[in-house]
Amino acid sequence: MFLLFVQKQTGEALVDYLKPRLFEPLGIAKPIWDTNFQGIALGGYGLRVRTEDIAKLGQLYLQEGEWDGKRLLEKEWVAAATSKQVSNGSNPDSDWAQGYGFQFWRCRHGAYRGDGAFGQYCVVLPEQDAVVAITSGVKNMQSALDVLWDKLLPAFHYVPLPENTSAAAALQSKLKALVLPPAKGKKSSPLVEKINGKTFRFLENDGKFESLEIKIVDHQFLLTTVIDGSKVTHPCAYGEWQIAPSTTESEPTATSYAWEDEAALEIKRCAYETPFVTTTRLHFGEGQVKLEQSANVAFGPGQHLSLEGVSDE
């Protein structure tokens, strides 16, 4: 209700209202905030920004609301929002039992955090004068924080560490070698000519998956889906990731494909500015397709979906 009031009073969506007051001063480009059916920002969740941007928000709070010499938030608000306002448990080993502020959780070790689904974290450590931003895709969200406390926290020191060129080189080598493998299998199948241009339609389902069309245009594999009335085409590459053309309505994605066997096609789609990957397997029969879709993490029917579709022809 409060965000509805804000939008009515200002005549602006929440993102637009915050751009000159928060996002632009912090250098946060293209923030996206999910909305409800009325077009009102969800507020408590659904903000999509880069990991670097999450760190900037944490730094703003660490600096008690100041940024580049300008006050963006009242110091008193920062103190209240990040303090324990209500109790949420008494387990000393749980970061979900240290108290809750205003959209901020208190943590162990004198820290506080904002967090999102499946391990999206903005952890502020005032005692260490540090901010840690994490974008992960895990079901056990405590596990990500445990790594922070067990590995990173003990490495903080109040005096500069001596240079360690071998460790720095090993880290750079590790980072350069990190990859997300594309779909694995064969490049083509004898079924390609039969399914090219076909549209398969599905009965009503919880995933609101309506139809799927496969086309091969100029040697490019195109997969078009209609989900809850929204039509999206994903260009797919073999042996690598094909980046989809960017739009203002959707998050950046890259897609790859491979044939597991003559009748089974695997499609992997990565929202590459997030930790989320969706794998779709299509098993083709005579005029039919069985769709099995899974995500590394997701809510409700989005994590596992199994449907059968029938060709228009």
Tell me, which residue of the range 4-33 that is of a type in the set (A, V, I, L, M) and not in a helix (DSSP H, G or I) is farthest from PHE102 (Cα to Cα)?
-> ALA29
If you take the residues of the range 292-306 that are part of a strand (DSSP E or B) and in contact with a Gly (Cβ under 7 Å, 6 or more places away or on another chain), which of them is nearest to GLN242 (Cα to Cα)?
-> ALA295
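May I ask you to verify whether ALA133 is out of contact with any Cys (no Cβ under 8 Å at 6 or more places or on another chain) and either crowded, with 16+ Cβ neighbours inside 10 Å or not in a loop (DSSP other than H, G, I, E, B) (or both)?
No: the conditions fail for ALA133.
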Output the residue which, of all residues in the range 108-122 that are at pLDDT 95 or above and under 17 Å from the mean Cα position of the chain (by Cα), is nearest to LEU62 (Cα to Cα).
-> CYS122
When the range 248-291 is examined, which residues are found to be more than 27 Å from the chain's Cα centre (by Cα) and assigned to a loop (DSSP other than H, G, I, E, B)?
-> GLU262, ALA263, GLU286, GLY287
Failed criterion for GLY207 (all others in (1) part of a strand (DSSP E or B); (2) surrounded by 14 or more Cβ atoms within 10 Å (Cβ to Cβ) hold) = (1)
When you scan the range 55-97, how many residues do you find that are in a loop (DSSP other than H, G, I, E, B), touching a residue at least 40 places away in the same chain (Cβ under 8 Å) and over 21 Å from VAL147 (Cβ atoms)?
-> 3
Which of (1) buried (at least 16 other Cβ atoms within 10 Å of the Cβ); (2) closer than 22 Å to PHE104 by Cα does ALA13 not meet, given it meets every other one?
-> (2)
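For (1) aliphatic (A, V, I, L, M); (2) in contact (Cβ under 8 Å) with a residue 60 or more places away in the chain; (3) under 17 Å from VAL179 (Cβ atoms); (4) touching a Cys at 6+ places or on another chain (Cβ under 6 Å), each residue gets a yes or a no:
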site: CYS270; (1), (2), (3), (4): no, yes, yes, no
site: GLU273; (1), (2), (3), (4): no, yes, yes, no
site: THR278; (1), (2), (3), (4): no, no, no, no
site: GLN293; (1), (2), (3), (4): no, yes, no, no
site: LEU305; (1), (2), (3), (4): yes, yes, no, no
site: GLU308; (1), (2), (3), (4): no, yes, no, no
What residue, of LEU47, LEU26, is modelled with pLDDT of 95 or more, within 19 Å of CYS122 (Cα to Cα) and buried (at least 17 other Cβ atoms within 10 Å of the Cβ)?
-> LEU26
Within the range 164-187, how many residues turn out to be part of a loop (DSSP other than H, G, I, E, B) and either of a type in the set (A, V, I, L, M) or surrounded by 13 or more Cβ atoms within 10 Å (Cβ to Cβ) (or both)?
-> 6
Spot the failing condition for THR224; the list is (1) surrounded by 10 or more Cβ atoms within 10 Å (Cβ to Cβ); (2) β-branched (Val, Ile, Thr); (3) outside the structural domain of ALA111 (by TED's automatic domain parsing); (4) over 22 Å from GLU262 (Cα atoms), and only one is missed.
-> (4)
When the residues of the range 34-54 are filtered to those that are part of a helix (DSSP H, G or I) and not hydroxyl-bearing (Ser, Thr, Tyr), which remaining residue is farthest from LYS19 (Cα to Cα)?
-> GLU52
Selection within the range 113-130 - touching a helix residue (DSSP H, G or I) at 6+ places or on another chain (Cβ under 6 Å) and surrounded by 14 or more Cβ atoms within 10 Å (Cβ to Cβ) = GLY119, CYS122, VAL124
Pairing a residue in the range 31-44 that is closer than 19 Å to GLN9 by Cα with any residue that is among the charged types (D, E, K, R), where Cβ atoms lie under 7 Å and the two sit 6 or more apart in sequence or on different chains, gives LEU42/ASP34
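The values are calculated or read from the model by the stated rules, or taken from the named source; none is laboratory data. This structure is a prediction, so every number in the text was calculated from the model and none was measured. Every residue, glycine as well, gets a Cβ built from its backbone with ideal geometry; the counts of neighbours run over all protein chains shown.
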